[in-house]
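Quick note: the coordinates plus some simple rules give every number you see, no bench work behind them. Nothing here was measured: the structure is a model prediction, and the numbers come from that model. Cβ sites come from the backbone with ideal geometry, for glycine too, and all protein chains shown count toward neighbours.
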Amino acid sequence: LAKTTQPISMDSYEGQEVNITCSHNNIATNDYITWYQQFPSQGPRFIIQGYKTKVTNEVASLFIPADRKSSTLSLPRVSLSDTAVYYCLVGDDTDKLIFGTGTRLQVFP
Amino acid sequence: GAVVSQHPSWVICKSGTSVKIECRSLDFQATTMFWYRQFPKQSLMLMATSNEGSKATYEQGVEKDKFLINHASLTLSTLTVTSAHPEDSSFYICSARSGDRYEQYFGPGTRLTVT
């Protein structure tokens, strides 16, 4: 499994765009990149998944450069309810998910 | 769709007793289920992987005789914490994956407190 590295924490204000970058230098050809969100005392919630280039859904965008050694989760116009821990994981469909430290995002009014 | 439930959502038990936690996939068949535990302010730690009808595969350092996992059907897996001690107090989370999907769906978690 590719190891991921993320910033431990980030602060933002309501209405701003937040970009969280994840490094995965040893990503394998078959690996996908998946981001989860976790609120205190809840299970993680799937946000977005991608393999290359850009993926967008109703809550976020995921940017993946050509070398796939990193990825950036972009949250547009965050609100207080986006305060959570965000995890970046890589793996293929046979892998178990190994969680890293995650990024603790704090959104201020 | 893709809902995973856990029961109970929280439980308090006395030291030395056993506690069973259920994980159910409500609207899909889960060929693989995973159990994690999470201590306060820490990340999720994978405990074991279970495939329906097979013995669970435990991660290094996880005692299989203490954390009994049963995955008897495609919609139910159970984790039994045997002879619980206060250090077993934690947040236990399961996830489930169907055979044709990469994505894992997580349950809401179970808060175990051992007194």
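Worth a mention:
- A:Phe63 versus B:Leu68: modelled label distance in nm, points set 7 Å from Cα along the beta carbon direction: 5.3
- In the protein assembly as shown the Cα-Cα distances spread across 5 Å bins starting at 0 as 1, 7, 14, 18, 18, 16, 12, 8, 4, 1, 0 percent of all pairs.
- Kirkwood-based Rg to Rh ratio, chain B, C-alpha trace: 0.95
- Mean per-residue shielding of peptide A:42-52 is 4, counting Cβ atoms of other chains within 10 Å of each Cβ.
- Over 26 Å (Cα to Cα) - which of B:Lys20/B:Lys41; A:Lys96/B:Lys64; A:Lys3/B:Lys20; A:Lys3/A:Lys52 fall in this group: A:Lys3/B:Lys20
- Number of partner chain Cβ atoms within 10 Å, mean per residue of B:65-73: 0
- Inter-chain Cβ neighbour average for residues A:92-103, partner chain, 10 Å: 4
- Cα-derived Rg over Rh, computed across chain A with Rh taken as Kirkwood radius: 0.95
- FRET efficiency for A:Gln106 and A:Ser74, using Cβ-Cβ distance with R0 set to 25 Å, rounded to 0.05: 0.90
- Relative packing of peptides A:12-21, B:29-38, B:69-78 - highest average C-beta neighbours within 10 Å first: B:29-38, B:69-78, A:12-21
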